[in-house]
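The block underneath contains the structure these notes are about, expressed in structure tokens.
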Amino acid sequence: MNMNKPDQSQKHPKLKEGVKFYRSLFDNTKSPIMLLDEDGFFECNQATVELFGLDSKSDFSNYGPSDLSPEFQPDGSRSEVKAKEMIEKAVKEGHNHFNWTHQKINGVLFEAEVTLNAFEVEESWILQAFVKDISKELLISRELEEKNSYIQAILDGIPGLVSWIGKDYRYLGVNSRLAELYDLEPDQFVGKKIGFQEIQSDLDLEVLCQKLFDGEIENYYQVEMLVNTPSQGQRNYILTLNLFNNGKGIVLIGIDNTELRKTQIELAKEQENAVSRAKLASLGEMTAGIGHEISNPLSIVDGYLKRSLRKIPEPYKSDIEKASWAVERIDKIIMGLKRIARNDELESKKLVLLRSIIDDTISFTKAKLKRSGVTLQIAPYDEDQHILARHVQLCQVLLNLVINAKDAVEQLERKWIRIEIEDSRDELLIKVIDSGAGISKENSEKIFETCFTTKEMGKGTGLGLSLSKKIMKAHGGDLYLDESSSNTCFVIKLPKN
């Protein structure tokens, strides 16, 4: 307290005389009001006395603005210096509103909103000060902020996308995972209408929410949806919608189950492949038995034909030679069938003759290609070349590529397939080229995905290329589309060591 201050109670008698009319209103209002000039406070109402814990209104006039404040404000500035700055600003601008930390006579601090209004009396300035204790409001606000922070932390910890909207279909809030998906901050969603970020989805969320608000679907609803996200591509979500606040809002929770979905699809395919392998194994055993039964009498027929060549007259030898060639052709087909029907998945890679791979493939596709009017060309290559591979699996890959090429070109005016071999020191490339004009960019990015096919219903399963690529990867090689080729060109790459 400043005991050297002059007595302020007798200052401005004309002002006091002029305000008698407002005395009752001034004294009885519940809001603390005080008057001050360059010397300090000189008048206040009873609410001010009670706010600061003073003995009387006359006692109040012995204090200055900085006397009823701690030495320092929360920002670290000295109260005495900052009080002068606030007063000067009010005098200069006529008004100043700010937050201030005050101190009661008993030393208790409290937060306040202060409003200073300046006016001129007898060629000097007077300030009217309104002080509002906001300590409780700030305490409630801080507690609410802490609770909101706690709730937000829980929402951010949920392994999914969380948002909640009102009946106007505008966001009330989102968790950080949803915001990060769109490279935004959570508060940038608040007040925006659902769907303000355009996404491609198989569901209209606003329509779904409307049905929930209107009671067309249950208060708790769950659905699966596909979403093309801006940063992660196509994702699969399990979306849960739940009414809250007595039906005035909806909470939406999306759990990403893309990987689970992929695993389920892969598992289903593996089961399907296991069944197929079992069928092929049975077919292989049956084929081997049939082949054996055919080979024996076929050898006898071949023997008789060759013996006959030595005995029959010359004019008839041509017919016998043709029959003998047909027998050899049948024998080659049976031998190829035996090899391809055999399951060599568990066998180690062996050196196999490249010519036998190509010959076996041709023997199974020649008739199909002829019926479709497709010409098959084999570019010259080293027929004595050996490669390290699993014979059956490599035949399966090459056979799949040739059949795919046949299906692709059989409706074209020009229909041909060409197999080319490129041999280098480190690798061997087997190219299957057809007369098609290539594959679109959109499809080329998906052709090796499981279940993707461009063939019409009933003609393709979408398993051939994906399985073929896996086979080549298991060989330490690869299977890829040569997009630099003017025609459709698939390349089998095999390491040579």
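Quick notes on this structure:
- Among residues of the stretch 80-136, those that are on the phi > 0 side of the Ramachandran plot and touching a residue at least 12 places away in the same chain (Cβ under 8 Å), counted: 2
- Residue match in the stretch 206-225 (condition: surrounded by 12 or more Cβ atoms within 10 Å (Cβ to Cβ), among the aliphatic types (A, V, I, L, M), at pLDDT below 85 and in contact with a Ser or Thr (Cβ under 7 Å, 6 or more places away or on another chain)): yes
- Cβ-Cβ under 9 Å pairs, at least 6 apart or on other chains, the stretch 405-423 side in contact (Cβ under 8 Å) with a residue 12 or more places away in the chain and of a type in the set (Gly, Ala, Ser), far side open to solvent by 70 Å² or more (accessible area, probe 1.4 Å) and part of a strand (DSSP E or B): none
- The stretch 24-34 - residue that is at pLDDT below 90 and closer than 21 Å to Ala83 by Cβ and, of those, farthest from the chain's Cα centre (by Cα): Met34
- Once the stretch 364-390 is narrowed to residues that are open to solvent by less than 20 Å² (accessible area, probe 1.4 Å) and in a helix (DSSP H, G or I), the residue that is modelled with the highest pLDDT is Leu369.
- Only one entry of Ser61, Ser66 meets the criterion of being among the polar types (S, T, N, Q) and open to solvent by 20 Å² or more (accessible area, probe 1.4 Å), and that entry is Ser66.
- Unique residue being at pLDDT 85 or above, out of contact with any Asp or Glu (no Cβ under 7 Å at 6 or more places or on another chain), open to solvent by 30 Å² or more (accessible area, probe 1.4 Å) and of a type in the set (Gly, Ala, Ser) when the list is Gly191, Gly166, Gly157: Gly191
- Leading residue by the ranking (nearest to Asp426 (Cα to Cα)) among those in the stretch 343-363 that are open to solvent by less than 30 Å² (accessible area, probe 1.4 Å) and outside any helix (DSSP H, G or I): Val352
- All conditions in (1) open to solvent by less than 20 Å² (accessible area, probe 1.4 Å); (2) under 28 Å from Leu139 (Cβ atoms); (3) aliphatic (A, V, I, L, M) hold for Ile126, with the sole exception of (2).
The values are calculated or read from the model by the stated rules, or taken from the named source; none is laboratory data. Owing to the predicted nature of the structure, the values given are computational and were not obtained by experimental measurement. Cβ coordinates were reconstructed from backbone atoms using ideal geometry, including for glycine residues, and neighbour counts include every protein chain displayed. These area figures cover heavy atoms from the full protein model, side chains too; ligands, DNA and RNA do not enter into them. Shrake-Rupley method; radii C 1.70, N 1.55, O 1.52, S 1.80 Å.
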